[in-house]
1. Go ahead and estimate [θ] at 222 nm for the chain from helices alone: -39,500 (n - 2.57) per DSSP H run with n ≥ 4, summed, over the residue count, rounded to 500.
2. What is the gain in length, in nm to one decimal, between Asn43 and Ser182 on full extension, counting 0.36 nm per residue of separation less the C-alpha to C-alpha distance?
3. Taking 8 Å as the Cα distance limit and 6 or more residues as the minimum spacing, I'd like the relative contact order of segment 77-190 as a percentage.
4. Given N residues in the chain, what is Rg(Cα) / (2.2 N^0.38 Å)?
5. List the residues whose amide H sits under 5 Å from the amide H of Leu111, counting only those 5 or more places along or on another chain, with H placed 1.01 Å from N in the peptide plane.
6. List the lysines whose Cα lies under 25 Å from the Cα of Lys144, skipping any in the same chain that are fewer than 8 positions away.
7. On a C-alpha basis, how far is the centre of segment 113-190 from the centre of segment 16-80 in Å? Whole number, if you could?
8. Assuming R0 = 22 Å, can you tell me the calculated FRET efficiency for the pair Gln99 and Tyr155, based on Cβ-Cβ distance, to the nearest 0.05?
Amino acid sequence: MINLILFGPPGSGKGTQADTLVERYGLLHISTGDLFRYNLKNNTPLGAEAKTYIDKGELVPDSITINMLRQKVEENPDVKGYIFDGFPRTIAQSEALDQLLESHGGAVDLLLMLDVPDAEITQRLMKRAETSGRKDDQDPEIIKNRLVVYKEETYPVFEYYLAKAVKVWGVGTLAAVQSRLSLELDRIAE
Ligand code: ADP
């Protein structure tokens, strides 16, 4: 069982890299951002509730996010492990994740942080806006807010898991970043 947190600022490439790691290590990729967008698209009550926060670049309240995450984990108990992408994003979410994994006899094994400078992040998100159709990518003010929220509420999660955390340089080709991540994952996967 491997429980990996893929961490980093918005636009750091977590989703893209997770897709490749999933194939390589047979893990289940759980992205809270994707789960919210799925609910938005399908007009569920959860989607409607989350929309007001997402469109402003704010975090969806912990209670909603934690319940959604827990449900996804419990629906998929027979996997080799999980890649958590975009979760946990607050200390309360980290504590909830620890409790959830502990109740299944597990724990977070590794946090890999994709290290990407702010200027590069802003550029990537503006470029993604051209194709993603994501409202929260369109407006520079909303992007700025997401970066502020990341620094204030989410970065502390890195410190919370410091003993299990490794920073990986997130700039370069997709393959270069992938091999830096795999190198770290191989150390614990053996
Ligand atoms: P990105 O990492 O590119 O900002 P995500 O797809 O991970 O985008 O998330 C999009 C939005 O969904 C976030 O800005 C936030 O509003 C909401 N969201 C995703 N994950 C969480 C979470 N763990 N806690 C609270 N809100 C979340």
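1. -17500 deg cm²/dmol
2. 46.4 nm
3. This gives 36 percent for segment 77-190.
4. Ratio of Rg to 2.2 N^0.38 Å for the chain: 0.98.
5. Those qualifying (amide H under 5 Å, at least 5 residues apart or on another chain) are Ile5, Ala165, Val166.
6. Cross-link targets: Lys14, Lys41, Lys51, Lys56, Lys127, Lys135, Lys167.
7. First find each Cα centre; the distance between them is then 17 Å.
8. The value I calculate is 0.50.
The values are calculated or read from the model by the stated rules, or taken from the named source; none is laboratory data. What you are looking at is a predicted structure, and each value in this text was computed from that prediction instead of being measured. Here Cβ is always computed from backbone atoms with ideal geometry, including for glycine, and neighbour counts include all displayed protein chains. Ligands, DNA and RNA are excluded from the accessible area calculation, which covers all protein heavy atoms including side chains. Shrake-Rupley method; radii C 1.70, N 1.55, O 1.52, S 1.80 Å.
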